[in-house]
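In what follows, a structure is listed as structure tokens, so that the remarks can point back to it.
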Amino acid sequence: MRLRLPEERPTEPPTGYKIAHPVLSQDGTRAGFTGVSLGGALPYGVLADASCVYGLRHRAPSRRCDCGFHCVHDRTTAEALLCTAEHRAAVLLEVTVLGRYIRFERGFRSARQRVRTATVGPCACGTVAAALADAGWGRPGWKALAPSCAGCLRGRTSVSLAGFARLAGEGLRVVAGQGAPVAVADLAAAGELGVPELTAEAALLQARLDWFQAQLARLGERGPGGGRKG
Ligand SMILES: [Zn+2]
Ligand SMILES: [Zn+2]
């Protein structure tokens, strides 16, 4: 009989929570997330394998390193991180911990991860978010997104919550938080949008149209040639 270190063989993969910034690829065809601290330079997809953030040639997670996908056991612990000023625009992720993992006091570091649900907080104005819009920063090839209501979008690059879920793929659910279930995107089930999703999409289109018409009207006032007289 050999003595071994205790190994966990859970019947179901563990669930964890973390926060991250949603990101949209430069060409607008792919969506993912980027971490808020360690590993923030490496955007990841809904289903992803970890690699060492320090570029070391070991499998992540390694006991002698702090790489791997980090998450905590407790949803409230992750939510608490959203209170700090620099994390206000981040989203809460519920993840499935896959592959080898190392358990620590408050959570896990794992080799693989599947993001199941992203809960999007309110727009900076306090209104429930209808979209994720260009946050004004990013990583090479990726634009960071922040929650926005239809009214605050203006001309910014944006995707609806359902649109983000579709681009991210792998059955991701994107939910508007703050207890107002107006924009729940669950494309995993039937691949069809229900009334709440379509209502949210319509509100977004209307807001964009209002903005577009306002711009047109403004240009119209100035007249062709931008008001310059020769
Ligand atoms: Zn490492
Ligand atoms: Zn707003």
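A few points about this structure:
- Taking other Cβ atoms within 10 Å as a rough exposure proxy, V53, V159 sort from fewest to most as V53, V159.
- Within a Gaussian network of the chain (alpha carbon springs, distance under 10 Å), most fluctuating of E105, E197, E86: E105
- Take every pair of alpha-carbon atoms less than 8 Å apart whose residues are at least six positions apart; their mean separation over the length of the chain yields a relative contact order of 17 percent.
- Across G163, G28, G55, mean-square fluctuation computed from a Gaussian network of the chain (C-alpha pairs under 10 Å connected) peaks at G55.
- For segment 1-129: relative contact order, % (alpha-carbon pairs under 8 angstrom, 6 or more apart): 27
- Net lengthening on full extension, T127/R218 (0.36 nm per residue, minus Cα-Cα): 30.1 nm
- Of G177, G155, G68, the one that fluctuates the most in a GNM where the chain has Cα springs shorter than 10 Å: G155
- Percent of beta bridges antiparallel (DSSP, segment 103-176, rounded to nearest 5): 75
- With both labels modelled 7 Å from their Cα along Cα-to-Cβ, the E170 to E8 distance reads 2.0 nm.
- Helix 195-222 axis, angle to the chain major axis (alpha carbon atoms, nearest 10°): 40
- DSSP beta bridges confined to the chain are antiparallel in about 90 percent of cases.
Since every read-out is calculated from the coordinates, none of them should be taken as a lab result. Just so it is clear, the structure is predicted and the values come from calculations on it, not from any experiment. Cβ: placed from backbone, ideal geometry, glycine included. Neighbour counts: every protein chain shown.
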